[in-house]
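Novice: Right, I'll just put the structure down here and ask away after.
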Amino acid sequence: MPSTDARLDLPPELAAKWRCLVGRLEELDSLLVAFSGGVDSSLLLAVARRVLGDRVQAGMCLGPFTPSWEAERARALARSLGVKLHEMDACELDDSDIVRNDPQRCYFCKRLRLGRLMELAQELGIAAVAEGSQADDAQDFRPGERAVKELGLISPLAEAGLGKAEVRTLSRALGLPTADLPAAACLASRVPWGTALTPEALERIGRAEAGLRKLLPGNLRVRDHLPVARLELSPADLARALGEPLRGQIVEAVKAAGYDYVALDLEGYRMGGGQKTPQ
């Protein structure tokens, strides 16, 4: 594993942000990283491991909101980094504010999940808890960021001014397998706002996406409009999805998950699935 002072081949502006990130982590006595195995939290955990060594640990919330493939990827990466990973079920569906699934759902969910991680850090005697928001997140509708501020977590990537593309560039420079991962989101994000969340819906979505991910390499979402599944695929996959035998395989995989109808959204994948951002 390269040391933090290894000379990475970075442009000057990114090199300055890298030094800022390392310096911020060096200030900490110990750290628990809120870890999902996605691009951002993976970079944060990898750099924290280089800076803090065994003084960094990771916490991951499981349960009905977390896709099984993301949990497995997170476990594998934590093992490869040599970081102790704590797993817990956040029991999101026990919280009526989350189940209601209004546009503030992400705030209530993050407040619950990050609150559990804060409690874990206190039990373990860990000084700080960090999460993986980066600078570009401020441009999107992210009510969960309010929970980060309220609970007092730190966001080292955002503090260093690192944006989405820069996080991926640093991930490649450090040899992380997550560098080119598609964007990820919890399974609840596939259910339209105002439709109450149920275990059955989340399991159905998870089964459908697991089947599709065996067939398609790009970013995809199964938007739940039972009995209809509205599929958002990467634009590069749209034409191929209409040809045989792939079309038939897609229909079979989605219907096997519990849907009666399979619709292909011609706009393709986009964050939020077309839901209108509250004003």
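Novice: Give the range 134-176 a look and list any residue that's in contact with an Asp or Glu (Cβ under 7 Å, 6 or more places away or on another chain), in a loop (DSSP other than H, G, I, E, B) and within 15 Å of residue 17 (Cα to Cα), or say none.
Specialist: 134, 155, 163
Yes/no per residue for (1) within 24 Å of residue 161 (Cβ to Cβ); (2) open to solvent by 10 Å² or more (accessible area, probe 1.4 Å):
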position	(1), (2)
110	yes, yes
113	no, yes
118	no, yes
122	no, yes
130	yes, no
141	yes, yes
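Novice: Right, here's the next one. Could you tell me whether the range 257-271 includes any residue that is open to solvent by 60 Å² or more (accessible area, probe 1.4 Å) and within 21 Å of residue 133 (Cβ to Cβ)?
Specialist: Yes.
Novice: So in the range 219-229, with the set limited to residues that are open to solvent by less than 70 Å² (accessible area, probe 1.4 Å) and more than 21 Å from the chain's Cα centre (by Cα), which one is nearest to residue 205 (Cα to Cα)?
Specialist: Filtering the range 219-229 for residues that are open to solvent by less than 70 Å² (accessible area, probe 1.4 Å) and more than 21 Å from the chain's Cα centre (by Cα), the one nearest to residue 205 (Cα to Cα) comes out as 229.
Novice: Cβ-Cβ under 9 Å, sequence separation 6+ or interchain: first residue in the range 170-187 and basic (Lys, Arg), partner open to solvent by less than 20 Å² (accessible area, probe 1.4 Å). Which pairs?
Specialist: Here the result reads 172/179, each pair linking the range 170-187 to a residue that is open to solvent by less than 20 Å² (accessible area, probe 1.4 Å).
Novice: If I go through the range 170-213 residue by residue, how many of them are over 24 Å from residue 94 (Cβ atoms), crowded, with 21+ Cβ neighbours inside 10 Å and touching a Lys or Arg at 6+ places or on another chain (Cβ under 7 Å)?
Specialist: 0
Novice: Next question, about the same structure. Listed residues 52, 28, 10, 43; which is crowded, with 24+ Cβ neighbours inside 10 Å and either over 14 Å from residue 156 (Cα atoms) or at pLDDT 95 or above (or both)?
Specialist: Answer to the check: 43.
Novice: Still on this structure, I have one more. Condition test on residue 135, is it open to solvent by less than 10 Å² (accessible area, probe 1.4 Å) and under 17 Å from the mean Cα position of the chain (by Cα)?
Specialist: The answer is no for residue 135.
Novice: Let me ask something else about it. Kindly list, by first and then second residue, each pair from a residue in the range 242-269 that is farther than 20 Å from residue 201 by Cα and aromatic (Phe, Trp, Tyr) to a residue that is in a helix (DSSP H, G or I) and open to solvent by 50 Å² or more (accessible area, probe 1.4 Å), limited to pairs with Cβ atoms under 7 Å and residues at least 6 apart or on different chains.
Specialist: Nothing qualifies.
The values are calculated or read from the model by the stated rules, or taken from the named source; none is laboratory data. Values in this document were obtained by computation on a predicted structure and should not be read as measured data. All Cβ positions, even for glycine, are placed from backbone atoms using ideal geometry, and neighbour counts span all protein chains on display. Surface accessibility is based on the protein's heavy atoms, side chains included, excluding ligands, DNA and RNA. Shrake-Rupley method; radii C 1.70, N 1.55, O 1.52, S 1.80 Å.
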